[in-house]
Amino acid sequence: MADVNDAESGSTRPAAIVTGASRGIGRAIAVRLAADGANLALLQRGDAAETVEALGRPAVVEQCDLERGEDAEAAVDRAADRLGRVDICICNAGAIVREAALDVSLADFRRVVELNLVSTFAVARAAARHMTHGGSIVLIGSVLSFQGGLRVPAYAASKAGVANLAHALANEWAPLGIRVNAVAPGYIENAQTEAVRADPVRSRQITDRIPAGHWGRDEDVADAVAWLVSPGAHYVHGHVLAVDGGWLGR
């Protein structure tokens, strides 16, 4: 991780932006980066009070509508000003609508794509413009970046776009010293998968297909993100790292 000046302690810390950190994977990532020494800026619709408390120290919180790319870009700029620089950016915010392709409304389809893909691009690009000394960007994809799934056409399409966006941005920004990668979580036990886990048949089908034999935790994804932004991954560019208990290899 690159260094950033911490005015309160006089030490140097990396400056990280995380979107959608109010719960689940986003919160786990924020907590892990803070534990690793980063100064945090959290971008989301709510106030993130519980996440800030979990960090154990102050954080910048910028409230914005991440479904609007322009609002997301402006929030990144404000966060960068308050942090003093940007070294790390985690584009985590996302949404899912579980509806058959024949029935899902175009409004819901657009909303999911706007948040999961367009806003991800907007945040990553805005952060990259502040990475004048290089940096690391991690996009949060999904195993459905590679599979179609069931009753989630907008989610699958948007997450496939996220994976290829990581490749495209890495190609352009590696010469600038900016590494872009993605993480593709598998089935994780959190609020987003609550409906699926509540279905005993579907839940058992999924668990039986996972070679590891169990669903993952938010912290498993956070661990992968922490490695990708670390010096140990300095030669990793444009990679999509699956954190799925072996699901994709089945």
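For the reader, a short list of remarks on this structure follows.
- Sorted peptide list for 121-132, 92-103, criterion being average Cβ within 10 angstrom, highest first: 121-132, 92-103
- Residues with amide H under 5 Å from that of Tyr187, placed H, sequence gap 5 or more: Gly216
- Across the chain, the relative contact order, built from alpha-carbon pairs under 8 Å that are at least six residues apart, equals 18 percent.
- Low-density loop cleavage sites - chymotrypsin sites (Phe, Trp or Tyr not before Pro) in region 185-250, where at most 11 other Cβ are within 10 Å (DSSP): Tyr235
- Translational diffusion of region 186-250 was estimated from the Stokes-Einstein equation, with Rh taken as the Kirkwood radius over Cα pairs; at 4 °C and 1.567 mPa s the coefficient is 99 µm²/s.
- Proportion of all alpha-carbon pairs of region 20-63 beyond 18 Å (%): 10
- Surface/4 estimate of mean projected area, convex hull on alpha-carbon atoms of region 1-121, nm²: 7.5
- Reciprocal of mean inverse Cα separation for the chain (Kirkwood radius, Å): 18.1
- Restricted to Cα atoms, region 76-198 shows a radius of gyration and a Dmax of 15.6, 48 angstrom.
Readers should treat all values here as calculations from the given coordinates under stated rules, not as data from a laboratory. All of these numbers come straight from a predicted model, not from anything done at the bench. Cβ sites come from the backbone with ideal geometry, for glycine too, and all protein chains shown count toward neighbours.
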